[in-house]
Amino acid sequence: QGRAAMKICMIGTGYVGLVVGACLAEMGHEVICVDNNPAKISALLNGQLPIYEPGLERLVERNVLESRLSFSLDISESVAQSQFIFIAVGTPPAEDGSADLTYVMKAVEQIGASIRDYAIVITKSTVPIGSSERIRGIIEKQLKNRGLTDLEFDIVSNPEFLREGAAVNDFLNPNRIVVGSSNPRALAYMEKLYLPLTSKGFPIVHMDIASAELAKYASNAMLATRISFMNEMAGICEAVGADIERVRQGMELDHRIGSYFLSAGVGYGGSCFPKDVRAIIQSATERNIPTHILEAVDKVNHKQKKKLFEMVVGHFGEDLKGLRLAVWGLSFKPETDDIREAPSIETIEQLRKRGVQIQVHDPVALQNAYQALGEENITYFTGLYQALMDADALLIFTEWKQYRSADLGRIKSLLKQPVLFDGRNLFNPYMMKEEGFVYQSIGRMK
Ligand code: NAD
Ligand code: UGA
């Protein structure tokens, strides 16, 4: 701070756009976050956050108050006023697994129609290799149509590595900032933009655009690979009577392996790993490059997401009609309300098709789940113990803190039968047995 503020327009005010916008404002820049969803913008203008993300509310409030952060539905005007234009709209999976670029291309057209002076157009969304160059072509064409062939602009790929639930901290304390551009002018501006972070020692890595685009997919694919690898090991543990938690401990102290992303569970969910692994497979397949590892990662994950369903069938039999099950945890991970590709949602759909009554609890994702699942065979509870009443078993999908420290005696007394299927290995199997539970978890003894 105390440095010259840059004028930034953030197109797309979702999980990434809002966090990055608020953090760039916190770094001293002037940021307008725009979105084409009027409900989102009007909530933000009324001081309400459309998403749950720890630490974000305070950050938004402070930066709005200090006039560095504002919100608008007017994309043209916001683009026209800004020198840095970030694209942070969604890139959901298309039917064939590739990234659907409809939202990105719409935003690009709006940019091409509105820029007035030199601007840097930055892809923050995760986009397939070649997209940023495609974006350059579209904007060039539009400027030509507007008779503005002399108006200069640069394209930069600046992928985002934040995690939901830790997004603010991740953005403000990045392991690295990847900036893809072969243009020295654009690089100089990007360095200036990120100076508040690089001056604290956070590294910036320059590369060409294609490498930056691929670095994003490769990072997510590597992390997803570690998870699927451990889930596959968990399956082996179950077969040979080993304990995946001990196996992990025996691996992670090796510095070459490290301890991150080695937790077996119900498979990775969220809006990123599943779609990004599929998208990179699709990109490679289009170029006739085989993707044996990536396909296996995806396949293992699909299988793993069915784990708790299989435990239920294994215990209660194929006929589940009339069963009442409690579910703790709906979001794809703790500290977020995001339920995109969450293993809980897929399992609940399968269970209710079989006539199971489901009682769900989640600290923050109930509303999103209600929108996705509706009311058929599902009751929503704001109290975690309420959700257990008269249930035949409890299924845990998300490692929220309050579940880890839950009162086992109370769980047992509220459930009709003391049966617990734990998709996140929250409890010790020996203790659970002592407590009188029928307890099944991932990659450990029954
Ligand atoms: P999101 O769905 O939460 O947000 C996207 C926003 O863009 C929505 O609010 C939508 O209304 C808006 N939008 C769409 N088209 C628009 C347009 N033409 N003009 C203005 N607004 C428009 O998505 P997200 O989770 O924030 O992800 C955005 C991108 O960032 C994706 O490519 C994703 O892969 C990538 N990414 C996400 C994360 C994450 O943790 N969620 C992390 C890193 C990268
Ligand atoms: C992930 C990456 O971690 C971010 O770096 C990246 O920016 C982001 O995707 C993205 O591209 O959008 P996120 O999806 O928010 O972030 O959450 P993670 O913490 O990575 O968890 C993803 C999934 O993997 C969750 O379902 C989680 O439960 C699962 N997971 C994670 C495991 O099953 N085991 C682990 O050891 C770690």
Does region 253-318 come out rounded, prolate or oblate by the C-alpha gyration tensor, with a ≥ b ≥ c the root eigenvalues, rounded set by a/c under 1.5 and, if not, prolate when a/b is larger than b/c and oblate if not? oblate
Taking the highest mean first, how do the peptides 15-26, 425-436 order by number of other beta carbon atoms within 10 angstrom per residue? 15-26, 425-436
Could you list which residues have their amide H under 5 Å from that of LEU69, counting only those 5 or more apart in sequence or on another chain, with H placed in the peptide plane? VAL31, VAL64
Rg(Cα) of region 38-152 divided by 2.2 N^0.38 Å? 1.21
Give the separation of the Cα centroids, region 78-92 to region 309-359, in Å. 38 Å
For the chain, what does the helix formula give at 222 nm: sum of -39500 (n - 2.57) over DSSP H segments with n ≥ 4, over the residue count, nearest 500 deg cm²/dmol? -13000 deg cm²/dmol
By how many nm would the segment from GLU191 to TYR118 grow when fully extended, if each residue of separation counts as 0.36 nm and the alpha-carbon distance is taken off? 24.6 nm
Test of understanding: what is the full-extension gain from ALA43 to THR149, defined as 0.36 nm times their sequence separation minus their Cα-Cα distance? 34.3 nm
Tell me the label-point distance for the pair GLU140, GLU295, using the 7 Å Cα-to-Cβ offset, in nm and rounded to one decimal. 3.6 nm
Given all pairs of different Cα atoms, what value in angstroms does the Kirkwood hydrodynamic radius of region 7-207 take? 17.0 Å
Burial ordering of THR382, THR347, THR126, fewest other beta-carbon atoms within 10 Å first: THR382, THR126, THR347
Alpha-carbon Rg with Dmax, taken over region 126-182, Å: 15.5, 45
Reported to two decimal places, what Rg/Rh ratio describes region 311-446 when computed on Cα atoms with Rh from the Kirkwood expression? 0.93
At 0.36 nm per residue, minus the direct Cα-Cα distance, what do VAL438 and VAL205 gain on full extension? Give it in nm, one decimal, please. 78.8 nm
Taking the Cα atoms only, what angle lies between the long axis of helix 184-193 and the longest principal axis of the chain, rounded to 10 degrees? 60 degrees
What is the Rg over Rh value, at two decimals, for the chain, using alpha-carbon atoms and the Kirkwood definition of Rh? 1.01
What's the long-distance tail for region 171-325, i.e. % of Cα pairs beyond 27 Å? 45 percent
If each Cα of region 217-302 is one equal point scatterer, what is log10 of I(q)/I(0) from the Debye formula at q = 0.25 Å⁻¹? -1.19
Helix 56-65 sits at what angle to the longest principal axis of the chain, using alpha carbons and giving 0 to 90 degrees rounded to 10? 30 degrees
Take peptides 207-214, 92-99 and line them up by average Cβ neighbours within 10 Å, highest first, as a rough protection proxy. 207-214, 92-99
For the pair LYS303 and ALA372, how long in nm is the line joining their label points, each one 7 Å along Cα→Cβ? 2.4 nm
Once both axes come from the Cα atoms, what is the angle between helix 292-304 and the longest principal axis of the chain, in degrees from 0 to 90, rounded to 10? 50 degrees
Using a Förster distance of 45 angstrom, determine the FRET efficiency expected from the C-beta separation of ASN183 and GLN249, and round it to 0.05. 0.40
If each residue's Cβ is checked for other Cβ atoms within 10 Å, how do LYS303, LYS353 rank with the fewest at the top? LYS353, LYS303
Taking N as the number of residues in region 364-430, what is its alpha-carbon radius of gyration divided by 2.2 N^0.38 Å? 1.15
Considering Cα pairs under 8 angstrom that are at least six residues apart, work out the relative contact order of region 318-420 and quote it in whole percent. 34 percent
By the scheme Lys and Arg +1, Asp and Glu -1, what is the net charge of all other residues having a beta-carbon under 12 Å from that of ASP100? +1
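Coordinate-derived values only; no laboratory data. Being a predicted model, the structure only gives us computed values, none of them experimental. Ideal geometry is used to build each Cβ from the backbone, glycine not excepted, and the neighbour counts take in all protein chains shown.
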